[in-house]
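Peer 1: This is the structure I have questions about; it appears just below.
The values are calculated or read from the model by the stated rules, or taken from the named source; none is laboratory data. Remember, it's a predicted structure, so these values are computed and weren't measured experimentally. Cβ placement follows ideal geometry from the backbone for every residue including glycine, while neighbour counts extend to all protein chains displayed. The protein model used for the area step is the full one, side chains on, heavy atoms only, and it has no ligands, DNA or RNA in it. Shrake-Rupley method; radii C 1.70, N 1.55, O 1.52, S 1.80 Å.
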Amino acid sequence: MRLHRSVLAKSSTRAMPRDKTLPKEKQLKFWKIIKGDSVMVITGKDRGKIGDVTEVLRSTNKVYVRGMNLVHKSVPKSKETPH
């Protein structure tokens with residue numbers, strides 16, 4: 001969903017979802033990786049680790065690997081999260 005900049009200027013961008021789909025000319029045409037393949041990460045903090053592909057997003061040129069590049073969020077203690 002793409003919106004004209006005049007519409008975006010009138011409203012907050014936090015309220016609107018961003019369309020992260022790449023244009024057709026930037027999308028990879030041929031994929032050699034499918035769900036279930038074992039892959040080795042070559043960049044980032046998980047460099048050298050091997051994992052299984054859980055999801056392939058062809059529209060954004062992304063591959064999700066089980067257990068890699070996880071982000072941990074600090075949650076303050078409360079009744080729901082005592083630990």
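Peer 1: Residue 57 versus residue 41, label points 7 Å from Cα toward the beta carbon: distance in nm?
Peer 2: 1.7 nm
Peer 1: Residues with amide H under 5 Å of residue 65's amide H, sequence separation 5 or more or different chain, H placed in the peptide plane at 1.01 Å from N; which?
Peer 2: 54
Peer 1: On to the next question. Suppose R0 equals 25 Å; then what is the FRET efficiency for residue 70 and residue 25 from their Cβ-Cβ distance, rounded to the nearest 0.05? Please list the in-between numbers first.
Peer 2: Values: r = 32 Å, r/R0 = 1.29.
Computed FRET efficiency for residue 70 and residue 25 comes out at 0.20.
Peer 1: I want the local charge near residue 51. Using Cβ-Cβ distances under 15 Å, sum +1 for each Lys or Arg and -1 for each Asp or Glu among the other residues. Numbers along the way, then the final one.
Peer 2: Working: positive: 35, 45, 47, 49, 62, 66; negative: 37, 46, 52, 55.
The answer is +2.
Peer 1: Keeping all protein chains in place and using 1.4 angstrom, which order do 37, 46 fall into by accessible surface area, from largest down?
Peer 2: Details: 37 50, 46 15 Å².
Highest to lowest solvent-accessible surface, that is 37, 46.
Peer 1: What list of ³J(HN,Hα) values in whole Hz, one per residue of region 48-54 in order, does the Karplus curve 6.51 cos²θ - 1.76 cosθ + 1.60 (θ = phi - 60°) give from phi, with Gly and Pro shown as x?
Peer 2: Rounded to whole hertz, the list is x, 7, 10, x, 9, 6, 9.
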